[in-house]
Amino acid sequence: EALEKLMRPRPTFGTAGIRSKMGPGFAQINDLVVIQTAQGLASYLLELDAAQVKQRGVIIGNDARYNSSQFARLTAIAFLQKSIPVFLCDHFIPTPLVAFGVLHYNCFAGIVCTASHNPKHDNGIKVYFENGAQILSPHDANIQAHIEKPENQKPWDQAWQQESLLLPPSNPERTIQAHSSSPRPPSKSPTSLTSLSTSRNSQSSSDATSNISKEWNELLYIIPGDLTRSYFRYLENSIIGDRQS
């Protein structure tokens, strides 16, 4: 009976994502369940629009819950293995800022490792679509179906190499650094928030990722500092009328 509770049922991918207590077994949140979820999500986005997701990439962030940063790195590995660009936050951020980041960096989707308002022993994954809003039906059911596919249940070859993405604490005053000299594709929408993005340069912000493959290095964009500042900058530019300095 105890084993049954640990193994079944698997957390179901709903409107916003999955949330559950952290612990062993397929019925709880742990490294393997996160890997399977990330692999299923990456596979579904590629099926949805491979050209767009490989051009625009995804933004991944996490809150300060136990294991959230590790879950974010495991999620990033899944997307990097499918040659999908990853904008990885190297600092704790409130959940809504990942939604803002989707538009700010013109990403195809956003993923945040969090359990929102759930108790501290819970964790999970939330997904935002290219419009910065939480995914809706039928995307949730389609993602769940991809998670359960045998090829996504088995961890891919490099699925466990999350240590390669470990980063030192960032300096909030630094500009956004890229691990690639390739410019970001411009937004196709004139109303996109990408024009507010801080310019990148081609130098790595640290040597922490020097042991990952060249292919991944060219796909990985580290977002150091506080994304909150970009959000408040956007709000300031949106105010109409008088304002105090």
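The values are calculated or read from the model by the stated rules, or taken from the named source; none is laboratory data. Values in this document were obtained by computation on a predicted structure and should not be read as measured data. Cβ sites come from the backbone with ideal geometry, for glycine too, and all protein chains shown count toward neighbours. What goes into the accessible areas is simple: the full protein's heavy atoms, side chains included, and nothing from ligands, DNA or RNA. Shrake-Rupley method; radii C 1.70, N 1.55, O 1.52, S 1.80 Å.
Checking the conditions here, which among Ser83, Ser69 is open to solvent by 30 Å² or more (accessible area, probe 1.4 Å), among the polar types (S, T, N, Q), part of a loop (DSSP other than H, G, I, E, B) and under 27 Å from Asn131 (Cβ atoms)?
On the way: Ser69 fails: part of a loop (DSSP other than H, G, I, E, B).
Just a single option satisfies the conditions, and that option is Ser83.
I'm trying to understand the selection: among the residues of the stretch 98-116, which are farther than 19 Å from Phe79 by Cβ and either aromatic (Phe, Trp, Tyr) or touching a helix residue (DSSP H, G or I) at 6+ places or on another chain (Cβ under 6 Å) (or both)?
The answer is Phe100, and nothing else.
Please verify whether Arg10 is modelled with pLDDT under 95 and in a strand (DSSP E or B), treating the condition exactly as stated.
Numbers: modelled with pLDDT under 95: yes; in a strand (DSSP E or B): no.
Judged against the criteria, Arg10 is not a match.
For the stretch 24-38, which residues satisfy the criterion of being open to solvent by 10 Å² or more (accessible area, probe 1.4 Å), within 17 Å of Pro150 (Cα to Cα) and of a type in the set (S, T, N, Q)?
Those that are open to solvent by 10 Å² or more (accessible area, probe 1.4 Å), within 17 Å of Pro150 (Cα to Cα) and of a type in the set (S, T, N, Q): none in the stretch 24-38.
Being of a type outside the set (Gly, Ala, Ser) and under 16 Å from Gln52 (Cα atoms) is the filter here; which residues of the stretch 105-132 pass it? Walk me through it before giving the result.
Pass one, the stretch 105-132, residues of a type outside the set (Gly, Ala, Ser): 105-108, 111-114, 117-123, 125-131.
Hits for the stretch 105-132 are Tyr105, Asn106, Cys107, Phe108, Tyr128, Phe129, Glu130, Asn131.
Given (1) within 15 Å of Asn123 (Cα to Cα); (2) touching a Leu at 6+ places or on another chain (Cβ under 6 Å), where does Val53 come up short, assuming only one miss?
(1)
Name the residue that is surrounded by the fewest Cβ atoms within 10 Å (Cβ to Cβ), counting only residues in the stretch 96-110 that are out of contact with any Asp or Glu (no Cβ under 6 Å at 6 or more places or on another chain) and either among the hydroxyl-bearing types (Ser, Thr, Tyr) or not in a helix (DSSP H, G or I) (or both). Working first, answer last.
Within the stretch 96-110, the first condition is being out of contact with any Asp or Glu (no Cβ under 6 Å at 6 or more places or on another chain), and the residues that meet it are 96-107, 109-110.
If we keep only those that are either among the hydroxyl-bearing types (Ser, Thr, Tyr) or not in a helix (DSSP H, G or I) (or both) too, we end up with 105-107, 109-110.
On the way: Tyr105: 25, Asn106: 23, Cys107: 25, Ala109: 27, Gly110: 28.
Checked the stretch 96-110; the qualifying residue surrounded by the fewest Cβ atoms within 10 Å (Cβ to Cβ) is Asn106.
Looking only at the stretch 111-131, count every residue that is part of a strand (DSSP E or B) and open to solvent by 10 Å² or more (accessible area, probe 1.4 Å) and tell me the total.
Quick first cut of the stretch 111-131, residues part of a strand (DSSP E or B) only: 111-113, 122-128.
Still in the running and open to solvent by 10 Å² or more (accessible area, probe 1.4 Å): 122, 126, 128.
Of the residues in the stretch 111-131, 3 are part of a strand (DSSP E or B) and open to solvent by 10 Å² or more (accessible area, probe 1.4 Å).
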